[in-house]
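Enquirer: Below is the structure I would like to discuss, written out as structure tokens.
The values are calculated or read from the model by the stated rules, or taken from the named source; none is laboratory data. All figures in this text were calculated on a predicted structure; none of them were measured in a lab. Neighbour counts run over all protein chains shown; Cβ positions are idealised from the backbone, glycine included.
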Amino acid sequence: MPGPLLGVHDLKTQFFTPEGVVKAVDGVSFELNAGETLGIVGESGSGKSVTAMSIMRLISPPGRIVEGRVLYDGRDLAKLSESEMQGIRGESIAMIFQDPMTSLNPVFKVGWQVGEPLMLHRGESKAKAFASAVSVLAKVGIPSPGDRARDYPHHFSGGMRQRAMIAMGLTTTPKVLIADEPTTALDVTIQAQILELLRTVNREFGTATILITHNLGVVAGMCERVMVMYAGKVVESGPTEDVFAHPTHPYTWSLLRSIPRLDAERHEPLKPIEGLPPDLIDLPSGCAFHPRCPFAIEKCSRDVPPLNRVGDSQLAACWVTQSGTELPHA
Amino acid sequence: MLKYLLSRVVATIPVVIGVTVVTFVVMHIAAGSYVPGLDLNPNLKPEDEEAIKRYLGLDRPWPEQYLTWIGGVIHGDFGRSMIDGSLVSRHIGDRLPATLELTVTAILLGVLISIPLGVTGALRRGSKLDHALTAMSVGGFAIPGFWLGLMLILFFSVQLQAWGLPFLPSGGVMTPGTGGGDLLDRIVHLIMPATVLSFVYLSIWSRFTRSSMLEVLAQDYVRTARAKGMSERRVVYLHALRNAVIPLVTLVGLELPSLVAGGLIVEVVFSWPGIGKLLYERAIQTDYSTVLGITTFAALLVVAGNLLADFLYAFLDPRIRYA
Amino acid sequence: MIDPIAVEAPQVPAQPVPAHVGRSYWRAAFSRLRRNRIGMASGALLLFFVLVALTAPLIAGFITHTNYSSQDLTNTFASPLSPGHLLGTDDLGRDTLTRLLFGAQVSMGIGFLAVFVSLAIGAAVGLVAGYYGGLIDGLLMRFVDVILAIPSIFLFILMSILFKPSTVTLALIIASVGWGSIARLVRGEVLSVRTRDFMVATRALGASDARLIIRHLLPNVLHVLIVFGSLYLGSVILTEAALDFLGLGINPPIPSWGNMLTNSETFFFHSRWLVLWPGVTIFLAVLAANLFGNAVRDAFDPRLR
């Protein structure tokens, strides 16, 4: 089996603001294999979106990728020139964003926008690209795609717009699709449809998918592997089933525990994670999670734990679990 | 879109009526039942005066006179001069082309220069160039138009001529005797007044384009465009600019009133034979009826101009066009 | 946008937000203004012009020792820095500096008066229209539409030939058009504030219409008035100068920066300076007013940067 499709090695992206340097992504490494579905989970500020934007080289000043390599197809994306990167964006690696209501340009027809990547990367004519767009729109489940393609975005509902966005990402049959919170802004019923669509796309087109979300339920339904981020670092990763069944990092553990359960007793209080997410300019010493961690030991406040193998299939950045302690049932 | 346009047209009707009422009322306050040329005739007996007034309908009740007035306006009759009885509409017809020539050129100049200036400021936000452009805008807005015109004339017409260099004409639409056919001659006459007229609008519009552009560049759909892998040039000039100019169109439309008449000062300074200069000349002669006739006409032009801007806006913004 | 709080909250007990929040809103705005260096500098320049306007006779008495209409036909078109005439003299030998000083009285006086009257009328109309809505709103706003449709400079010229203005009447003439835009702005602001909870609450406590409008709505639209007023001052000064220039405003012998430029092109070869000084002065005054207005606007709504 050939090597991974996408390899991120020790990626560090920082924002240089008047208040200080924000270490948004602080040494993130992971791999994505062809056709795989990977979920990146974390709170706001965990660095998950910035990681994706860094891969796409869409970070603008005052932010900058300061270190690390992003290996794709034998090339380091972090070192490519802007015009070389433009050849990859939207062609080999596509990205769709959170808010479909504002992510489409209001003054151009949907069909034209969806077909634009073909005009840009395959040199297709406007008419040909439009026709291709119509067929992709059909594939993502938009009814009467021929007519709808001639409409403007404001005629589309939220769910349909997100489908159109997905179509836009797929026209060039990219190898990687990055979806940044694709369902967060949608109604719950539509969410399920969109996730189903992403699953179908992954199955039928073989597109490797990175799904970024703060919602554990979304990951559970969709991703083979999951990566948990906190304060700009990866704290745990592994097959989704394993991570959910027995988490090997206190943060994941706390997250799973905080989800309200249908079978809990009525009087049982909810179990939130104590404390607040850290200030990315002024991170805590040692492990960034230690102030909020119910299992923290003295070493946690001194040294930053590396991401190491814990158990058979998982990686975790935790002194406690690396030393053999198993976390109680979540 | 049709519904939107129709509603805009209907909304202007009360304004049109209002304008005619206001001018009618002011006319009566100013001149009452004055008849032009009447006091030039020393032999006129009081009964004759009454007879003439009755003939002209000046003894009719006010509402009836108003209806006559508005009836006239609808047919393009804006009254007669108090000085020589000439038709205001004829004067307007004579002078309108010159005003339009000037103001349309000024608008075009303003838009054509504002957009690149604004886009540059937005793209190079915070740079020295941006600060310089902003300073020029703020400064330009503070310069009195008539003074700028005066200074330009004094340098480009008077001083250059005194130094024996080629110079620009200090006024008028064309060199007398050329009959208006010589394009170069007309352009040479047009340069200074059009520049002065567009100057203030340049200052406002370039800053506005800049902030509109900055707003658009921060939008999600611009991020989407970049993610599709297109050149930054395409992102800016195709995806962003198309959205950024929409509010500018509204702004240009809103400024139409000041262009129809803001040209007055420029016309006077440059002896440009337009409607503004006409109004000024007649005002000095206290020819109230002509002044009012021109004002009514100009107000209606403004209303029409606003309507046009609404149409243009609806056309450019697909959210309204295909509502 | 604005925190919906009356600046003081004495006899109305059940306010949803404590009154001190309101005071800190103004304080925050003023501190932002103070920190804006360009704004403060231009404010100082504007203040300078105001002071000059107020003390013109005094300055003339002490520095130039002449008044604005004393002619000296033996010393026409003197250059600047000639004895007794810091900025030279005009075609009738009158001292330019003195005339500029008294011209400040005209420009500043008319400027501030016109702005004040426009704000007062505009605010009143906007508050009433926005508060009552319905027919009153419709009528008032249609009337504003009519006023705004007529080109203002035509209206000014018309009124000046009708009324032969003095300084005060000229200010009123300019204000008679200016209130329109302000009324629209205030009305818009009222519409957004009117539906907020604190308005309903105060009304439920039995407050009358007048009390609601004056004590509760007005403070919340005050920032609109302040911002508009400071930005409007510059354009009033320009308009007034233009009218004077055309001979339809303040006429000699009372000097104004505008009428000092009337027919000045005929003096060009005698003294370039005559065309320069009044124009530069107008430019500086308007620039100061505009920059200060921008600073005020930024202080009250920093998002607009």
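Enquirer: Condition test on A:ARG199, is it touching a Pro at 6+ places or on another chain (Cβ under 7 Å) and charged (D, E, K, R)?
Expert: So A:ARG199 fails the test.
Enquirer: Looking at (1) within 30 Å of B:THR290 (Cα to Cα); (2) surrounded by fewer than 22 Cβ atoms within 10 Å (Cβ to Cβ); (3) within 12 Å of chain B (Cβ to nearest Cβ); (4) without any contact (Cβ under 8 Å) to a residue 24 or more places away in the chain, which is the only condition C:THR169 fails?
Expert: Among (1) within 30 Å of B:THR290 (Cα to Cα); (2) surrounded by fewer than 22 Cβ atoms within 10 Å (Cβ to Cβ); (3) within 12 Å of chain B (Cβ to nearest Cβ); (4) without any contact (Cβ under 8 Å) to a residue 24 or more places away in the chain, the lone unmet condition for C:THR169 is (3).
Residues checked against (1) under 20 Å from the mean Cα position of the chain (by Cα); (2) in contact (Cβ under 8 Å) with a residue 12 or more places away in the chain; (3) within 14 Å of chain B (Cβ to nearest Cβ):
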position	(1), (2), (3)
C:MET199	no, yes, no
C:ARG203	no, no, no
C:ARG215	no, yes, no
C:LEU246	no, yes, yes
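Per-residue answers, yes or no, for (1) at pLDDT 80 or above; (2) surrounded by fewer than 18 Cβ atoms within 10 Å (Cβ to Cβ):
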position	(1), (2)
C:ALA175	yes, no
C:ALA183	yes, no
C:VAL186	yes, no
C:VAL193	no, no
C:VAL200	no, yes
C:ARG203	no, yes
C:ILE213	no, no
C:LEU217	no, no
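Enquirer: To continue, here is another question. With the checklist (1) at pLDDT 90 or above; (2) within 13 Å of chain C (Cβ to nearest Cβ) in hand, flag the one item B:TRP205 doesn't pass.
Expert: It is condition (2) that B:TRP205 fails.
Enquirer: A further question on this structure: Looking for whichever is more than 9 Å from every other protein chain (Cβ to nearest Cβ), among the hydroxyl-bearing types (Ser, Thr, Tyr) and in a helix (DSSP H, G or I) here; the options are A:THR189, A:THR184. Which one fits?
Expert: So the residue among A:THR189, A:THR184 that is more than 9 Å from every other protein chain (Cβ to nearest Cβ), among the hydroxyl-bearing types (Ser, Thr, Tyr) and in a helix (DSSP H, G or I) is A:THR189.
Enquirer: Among the helices (runs of 4 or more DSSP H) confined wholly to segment C:81-179, which include 1 or more residues that are of a type outside the set (Asp, Glu) and within 28 Å of C:GLY61 (Cβ to Cβ)?
Expert: C:96-132
Enquirer: Hey, among the residues in segment A:237-274 that are part of a helix (DSSP H, G or I) and surrounded by 20 or more Cβ atoms within 10 Å (Cβ to Cβ), which one's nearest to the chain's Cα centre (by Cα)?
Expert: If we take residues in segment A:237-274 being part of a helix (DSSP H, G or I) and surrounded by 20 or more Cβ atoms within 10 Å (Cβ to Cβ), then A:THR240 is nearest to the chain's Cα centre (by Cα).
Enquirer: Residues that are touching a Pro at 6+ places or on another chain (Cβ under 6 Å) and within 19 Å of A:ASP10 (Cα to Cα): does segment A:275-289 have at least one?
Expert: Looking for residues that are touching a Pro at 6+ places or on another chain (Cβ under 6 Å) and within 19 Å of A:ASP10 (Cα to Cα), one finds at least one in segment A:275-289, hence yes.
Enquirer: How many of the residues making up segment C:114-128 are under 15 Å from C:LEU212 (Cβ atoms) and free of Cβ contacts under 8 Å to residues at least 60 places away in the same chain?
Expert: The qualifying residues number 1.
Enquirer: Could you please let me know if A:PRO153 is modelled with pLDDT under 90, in contact with a helix residue (DSSP H, G or I) (Cβ under 9 Å, 6 or more places away or on another chain) and either within 11 Å of chain B (Cβ to nearest Cβ) or surrounded by fewer than 20 Cβ atoms within 10 Å (Cβ to Cβ) (or both)? Walk me through how you get there before you give the answer.
Expert: Values: modelled with pLDDT under 90: no; in contact with a helix residue (DSSP H, G or I) (Cβ under 9 Å, 6 or more places away or on another chain): yes; either within 11 Å of chain B (Cβ to nearest Cβ) or surrounded by fewer than 20 Cβ atoms within 10 Å (Cβ to Cβ) (or both): yes.
Here the answer is no, as A:PRO153 does not meet what is asked.
Enquirer: Identify the residue in segment A:86-100 that is of a type in the set (D, E, K, R) and within 18 Å of the chain's Cα centre (by Cα) and, among all such residues, is nearest to the other protein chains (Cβ to nearest Cβ).
Expert: A:ARG89
Enquirer: Now for a different question. Pairs only if they're at least six apart or on different chains, beta carbon under 8 angstrom, first in segment B:139-151 and touching a residue at least 40 places away in the same chain (Cβ under 8 Å) and within 15 Å of B:ILE191 (Cα to Cα), second charged (D, E, K, R) and assigned to a helix (DSSP H, G or I); list them, first residue then second.
Expert: From residues that are touching a residue at least 40 places away in the same chain (Cβ under 8 Å) and within 15 Å of B:ILE191 (Cα to Cα), the pairs are B:LEU150/C:GLU265.
Enquirer: In segment A:205-225, how many are in contact with an Asp or Glu (Cβ under 8 Å, 6 or more places away or on another chain) and closer than 12 Å to A:ILE194 by Cβ?
Expert: The total comes to 1.
Enquirer: Mind listing whichever residues of segment C:260-271 are of a type outside the set (A, V, I, L, M), touching a Ser or Thr at 6+ places or on another chain (Cβ under 9 Å) and either at the interface with another protein chain (Cβ under 10 Å from one of its Cβ atoms) or under 27 Å from C:SER235 (Cβ atoms) (or both)?
Expert: C:GLU265
Enquirer: Check B:GLY121, B:GLY145, B:GLY126, B:GLY164 and return the single one that is surrounded by 18 or more Cβ atoms within 10 Å (Cβ to Cβ) and more than 10 Å from chain C (Cβ to nearest Cβ).
Expert: B:GLY121
Enquirer: Ok, one more. Mind listing just one residue for me: the one in segment C:279-305 that is of a type outside the set (A, V, I, L, M) and at the interface with chain B (Cβ under 8 Å from one of its Cβ atoms) and, of those, farthest from C:VAL224 (Cα to Cα)?
Expert: C:GLY279
Enquirer: Which condition number in (1) more than 9 Å from chain B (Cβ to nearest Cβ); (2) of a type in the set (A, V, I, L, M, F, W, C); (3) within 25 Å of A:GLU204 (Cα to Cα); (4) crowded, with 16+ Cβ neighbours inside 10 Å is the one that A:LEU11 fails?
Expert: (3)
Enquirer: Same structure, new question: Assess whether B:VAL222 counts as being surrounded by fewer than 20 Cβ atoms within 10 Å (Cβ to Cβ), within 14 Å of chain A (Cβ to nearest Cβ) and touching a His at 6+ places or on another chain (Cβ under 9 Å).
Expert: In short, yes.
Enquirer: Can you pull out the residues in segment A:275-316 that are over 25 Å from the mean Cα position of the chain (by Cα) and of a type in the set (A, V, I, L, M, F, W, C)?
Expert: Across segment A:275-316, the qualifying residues are A:PHE295, A:ALA296, A:ILE297, A:CYS300.
Enquirer: Hey, another quick one. Of all residues being more than 8 Å from every other protein chain (Cβ to nearest Cβ) and farther than 14 Å from B:SER86 by Cα in segment B:286-299, which is surrounded by the fewest Cβ atoms within 10 Å (Cβ to Cβ)? Just the residue, please. Spell out how you get there, then give the answer.
Expert: Residues of segment B:286-299 that are more than 8 Å from every other protein chain (Cβ to nearest Cβ), as a first pass: B:287, B:289-290, B:293, B:296-297.
Now narrow it down to the ones that are farther than 14 Å from B:SER86 by Cα: B:296-297.
Numbers: B:THR296: 27, B:PHE297: 25.
Out of the qualifying residues, it is B:PHE297.
Enquirer: Between a residue in segment B:262-279 that is without any contact (Cβ under 8 Å) to a residue 40 or more places away in the chain and more than 9 Å from every other protein chain (Cβ to nearest Cβ) and any residue that is of a type outside the set (D, E, K, R) and outside any loop (DSSP other than H, G, I, E, B), which pairs come within a Cβ distance under 8 Å, given they are 6 or more apart or on different chains?
Expert: Qualifying pairs under 8 Å: none.
Enquirer: Shifting gears a bit: Just the residues that are modelled with pLDDT of 85 or more and small (Gly, Ala, Ser), please, taken from segment B:50-107.
Expert: Scanning segment B:50-107 gives B:SER89, B:GLY93, B:ALA98, B:ALA106.
Enquirer: Looking at segment C:31-58 only, could you name the residues that are under 19 Å from C:PRO253 (Cα atoms) and touching a helix residue (DSSP H, G or I) at 6+ places or on another chain (Cβ under 7 Å)?
Expert: Residues satisfying the conditions are C:ALA53, C:ALA56.
Enquirer: To continue, here is another question. Identify, please: which residue in segment B:147-204 is β-branched (Val, Ile, Thr) and more than 16 Å from B:THR105 (Cβ to Cβ) and is, among those, nearest to the chain's Cα centre (by Cα)? If you could, list the steps in order and put the result at the bottom.
Expert: Narrowing segment B:147-204 to residues β-branched (Val, Ile, Thr): B:153, B:158, B:173, B:175, B:178, B:187-188, B:191, B:195-196, B:200, B:204.
Filter once more, so that each one left must be more than 16 Å from B:THR105 (Cβ to Cβ): B:153, B:158, B:175, B:178, B:204.
On the way: B:ILE153: 22, B:VAL158: 28, B:THR175: 24, B:THR178: 27, B:ILE204: 16 Å.
Residue satisfying both the conditions and the ranking: B:ILE204.
Enquirer: Anything in segment A:156-169 that is closer than 16 Å to A:ALA131 by Cα, within 12 Å of chain B (Cβ to nearest Cβ) and among the hydrophobic types (A, V, I, L, M, F, W, C)? List them, or say none.
Expert: A:ALA164, A:MET168
Enquirer: In addition: Pick from A:SER83, A:SER103: which is within 8 Å of another protein chain (Cβ to nearest Cβ) and free of Cβ contacts under 8 Å to residues at least 12 places away in the same chain?
Expert: Matching residue, one of A:SER83, A:SER103: A:SER83.
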